[in-house]
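Below is one structure, written out as structure tokens; the observations come after it.
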Amino acid sequence: MENYEYSEGTQSLHEKIHQVISEVGKVVVGQEYMINRLLVGLFTNGHVLLEGVPGLAKTLTVNTLARVIQSDFQRIQFTPDLLPADLIGTMIYNQKFGEFEVKKGPIFANLILADEINRSPAKVQAALLEAMQERQVTIGETTFKLDKPFLVLATQNPVDQEGTYPLPEAQVDRFMLKIFIDYPKREAELEVMRRMSNLAFNSEVRQLLTKQDIFDIRDAINQVSISESLEKYIIELVFATRFPKEFGLDQLSEYIQFGASPRASINLNRASKAIAFLDGRDYVLPEDIKEVAYDVFNHRILLNYEAEADGISSKFIIETILNKIEISH
């Protein structure tokens, strides 16, 4: 904390963040990385997409985090028969007054857990993603602003492809981060088994973070400084995904169909500031950028069939770019 020239107020925010992490840790074991990235999204106003096989506590983690924050939370289970009106709401006829009135849907909350988002047709996904981008919803002829903060945490299951509707790349781009959740380590899974096998296990958590705390943390993250050389480094990383040949990465150009969009540079900047803040610093290090580069680029680099045929993953592409691009002073 000695790096800070900030007030005691900022230190108390850090203490609250540590309390939140330990409170969520009372219920969720061995998912520190996922919790960290969910907080990055929450504190930088960015939506998060979680992908992993069933049973990795994706839903449990989001649920628990939502209960620690004093905010409205809605869990929406996406199914093939879900309609856009089930999500955003609709106009209903009030017989008593003889007129139509708005019935708001579950989207009118601060934290939305869109569970298995790829289980619903494109119309429903489009309705959600429009709300994510515009942070407003139109029902009938009336447009409603969504309450702040508004954050969508979506999960998708990569295993069951039958009966799923993959999200188009342009829509996936609206997620700030895409997180791949892996199996827990042995020790963590042993602890999970012991904890969850206990039928008397209490999953209650305390509410620790107010909406105002979230806005204060956002203001503090906004004050985190990033040098001009690191800003240029972010741009170079993004451009390397679009024009790999210009950076001596001829091999990658065979595999990349589309590079990262301008949202990548914006989100990489924001996310690296949040990582620095969560680490107790008021300035960004190159390591902060490299740490979140995977989460920001994961879903923004579109690979072609050659990549699939040769077993090339987006992770390999990002790793190669990070190893090649240097920071110019």
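The values are calculated or read from the model by the stated rules, or taken from the named source; none is laboratory data. What you see is a predicted model; the values in this text were computed from it and never measured. Counting neighbours? That spans all protein chains shown, and the Cβs are built from the backbone with ideal geometry, glycine included. Keep in mind that these areas ignore ligands, DNA and RNA; they rest on the heavy atoms of the full protein, side chains included. Shrake-Rupley method; radii C 1.70, N 1.55, O 1.52, S 1.80 Å.
Things worth noting here:
- Relative contact order, whole percent, for the chain stands at 22, derived from Cα pairs under 8 Å and 6 or more residues apart.
- Residues with amide H under 5 Å from that of residue 224, placed H, sequence gap 5 or more: none
- Percent carbon-and-sulfur accessible area, the stretch 102-232, ignoring ligands, DNA and RNA, probe 1.4 Å: 48
- When both bridge partners sit in the chain, DSSP labels roughly 40% of those beta bridges antiparallel.
- Separation of alpha-carbon centers, the stretch 221-288 and the stretch 42-103, rounded to whole Å: 31
- Debye, to nearest 20: dipole size of the stretch 14-132, +1 on Lys, Arg Cβ, -1 on Asp, Glu Cβ: 120
- Residue by residue, the stretch 99-105 carries 3J(HN,Hα) couplings of 8, 7, 9, 7, 10, 6, x Hz when phi is fed to the Karplus relation 6.51 cos²θ - 1.76 cosθ + 1.60 (θ = phi - 60°); x denotes Gly or Pro.
- Across 96, 232, 104, mean-square fluctuation computed from a Gaussian network of the chain (C-alpha pairs under 10 Å connected) peaks at 96.
- In terms of its C-alpha gyration tensor, the stretch 57-122 has an oblate overall shape, because the principal axis ratio a/c (a ≥ b ≥ c, square roots of the eigenvalues) is not below 1.5 and a/b does not outweigh b/c.
- Heavy-atom accessible area, probed at 1.4 angstrom with all protein chains present, ranks 272, 313 as 313, 272, highest first.
- For the stretch 133-249, the solvent-accessible area works out to 60 Å² per residue, with a probe of 1.4 Å and every protein chain left in place.
- The residue among 39, 284, 257 whose Cα reaches farthest toward the positive pole of the charge dipole of the chain, with charges on the beta-carbon of Lys, Arg, Asp and Glu, is 39.
- Here's how it looks for residue 298: its modeled amide H is under 5 Å from those of 178, which are all 5 or more places away or on a different chain.
- Principal axis extents of the Cα atoms in the stretch 43-195, from largest to smallest and rounded to whole angstrom, are 62, 35, 29.
- Around the amide H of residue 144, modelled in the peptide plane, lie the amide H atoms of 137, 138, 139, all under 5 Å away and 5 or more residues distant in sequence or on another chain.
- Each of 138, 76, 151 was placed along the dipole of the stretch 76-210 (beta-carbon charges, centred on the mean Cα), and the one lying farthest toward the positive end is 151.
- Of 200, 305, 247, farthest towards positive along the dipole that unit charges on Lys, Arg, Asp, Glu beta carbons give the stretch 187-317: 200
- All C-alpha to C-alpha distances of the chain, sorted into 20 Å bins beginning at zero, yield P(r) values of 28, 57, 14, 0 percent in whole numbers.
- Each Lys and Arg contributes +1 and each Asp and Glu -1, all at the Cβ; summed about the Cα centre of the chain, the dipole is approximately 780 debye.
- List 123, 290, ordered by accessible area with a 1.4 Å probe, largest first: 123, 290
- Computed over the stretch 162-266, the Cα gyration tensor eigenvalues convert (square root of 5λ each) into semi-axes of 37, 25, 16 Å, ordered from largest to smallest.
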